[in-house]
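Everything on this sheet refers to the single structure shown next.
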Amino acid sequence: MRHNLKAILARLLVISGLLCWGAGHAQTHWSSGAGLHASASLRLAVVVPRIVILRVGHPGSFVDEISWDATPAPAITDAIYNGSIPPDSATLPYAVHDTIGNPNNGMISFKLWSNAGTTILRAVAANNALVDGPNSIPIVPGQTITTTPTTTNPVIDGPAKSFAANAQGIVYKQSSGWKFVYHPDTVSPPPAAGTYTTVVTYTASTP
Amino acid sequence: MAFLLYNGPMKRFFFIFFAMAMVSLPVSASADVKTLGDRALKLRIRVGDNLQTGVNSISFQVPGLQLGSGTPVVSTTTLDGASGIYKVRVVLDNRRLPTGTARLTADSSTPLACVTTSTCGATTIPFNKISWSVRDGDNFELASQFSGGAGQLLHQQTVTDTSPPDPRKGWRYRDYVQFRYANDLFLPAGSYRGRVLFRADHP
């Protein structure tokens, strides 16, 4: 009896052990049915700031200069003058150059980028005039100095120019050359001899 | 079975013993191997922190003066478990699986969408603008940028009976990832968000 009991107990232990092992094995073969899978997610965000980039003239920190030289050629001397009379009823689109010595016929490059919707551009001249000491040449918007192309170049001291954005809110405008023309015929009375200067500041902004 | 036919004084003991053995069986058999956090877990993918409190987020702050320049923008979001410049930890745990090949794939088919619609409307950023580098090459090593599609293979491992794992940890494929945004688009201002789903499969 005791012998049988030991034998049966041993069998029981073996059988129960096999059953336990079988259960564990089934678990490791869990994928025999549907397969194992696990998932996880990651959120990513890109934050884009509102920006407006405006460049007038050469890249970098230059402040380009354009000038008109109204000195007739040949220069007026105390000899008998045989040259042409300094123009007073015509524009002076010539003799224009920038400060770094690259004559470009008054052409100033322009670029405007914005990612913030409709952008406006304004041009304001210091003192609203060309100044030489106590003397000045008032700038009458659209008369004293004209600007082209009118599609991109705002009138100095005139109304702001509006640039519509595309469907995505982007404004990208550029021009290979803004041109500026001085109209001495509109200046009355004629200014005294001298060098008249001003600085035009362009400001781009979004509403 | 022979012991069931035994009809002696130890019958009660045997039945109790056998009953205990039978009761113990379902404990392991019923474990949900898919449940995150379960010690019995067989396959697990973690992307981000170790807190398991939800989906982690990382962001790319584009400098205004570099917008659209093509200079990549690195995410500076630091999640729990980061390693230096590698801000996101990814871990694939594969415990005691039979032979076969496990695969880790990404679904980035839904692009990042504008969430500040007043400024960026319906503009989207495709996920193929997001790339990464890994610290060790132990995970995410099979690609270096999202495809913008589903089922992109990032990692795979073949398990054999001759390569038994650590019985406690199984096979662990861990790495640390630095994500970058390509920044080659002149985008409308705003915030764009998207979600990538990573999936590990062991067929």
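For region A:144-165, a residue qualifies if it is surrounded by fewer than 18 Cβ atoms within 10 Å (Cβ to Cβ) and polar (S, T, N, Q), and the qualifying residues are A:T148, A:T150, A:T151, A:T152, A:S162.
The set of residues in region A:99-143 that are part of a strand (DSSP E or B), away from chain B (no Cβ under 14 Å), at pLDDT below 90 and buried (at least 19 other Cβ atoms within 10 Å of the Cβ) comprises A:I108, A:F110. For region B:95-115, a residue qualifies if it is in contact with a His (Cβ under 9 Å, 6 or more places away or on another chain) and either modelled with pLDDT under 90 or charged (D, E, K, R) (or both), and the qualifying residues are B:L97, B:P98, B:G100, B:T101, B:A102, B:R103. Quick check: is even one residue across region A:150-172 within 14 Å of chain B (Cβ to nearest Cβ), within 30 Å of B:L185 (Cα to Cα), β-branched (V, I, T) and in a strand (DSSP E or B)? Yes, some residue in region A:150-172 is within 14 Å of chain B (Cβ to nearest Cβ), within 30 Å of B:L185 (Cα to Cα), β-branched (V, I, T) and in a strand (DSSP E or B). Reported count of residues in region B:97-111, each being part of a loop (DSSP other than H, G, I, E, B) and surrounded by 20 or more Cβ atoms within 10 Å (Cβ to Cβ), is 2. Restricted to region A:44-55, and to residues there that are facing chain B (nearest Cβ under 7 Å) and buried (at least 17 other Cβ atoms within 10 Å of the Cβ), the residue that is farthest from B:P63 (Cα to Cα) is A:L44.
The values are calculated or read from the model by the stated rules, or taken from the named source; none is laboratory data. Please read these numbers as outputs of a predicted model, since none were measured by experiment. Note that we place each Cβ from the backbone using ideal geometry, even for glycine, and neighbour counts take in every protein chain shown.
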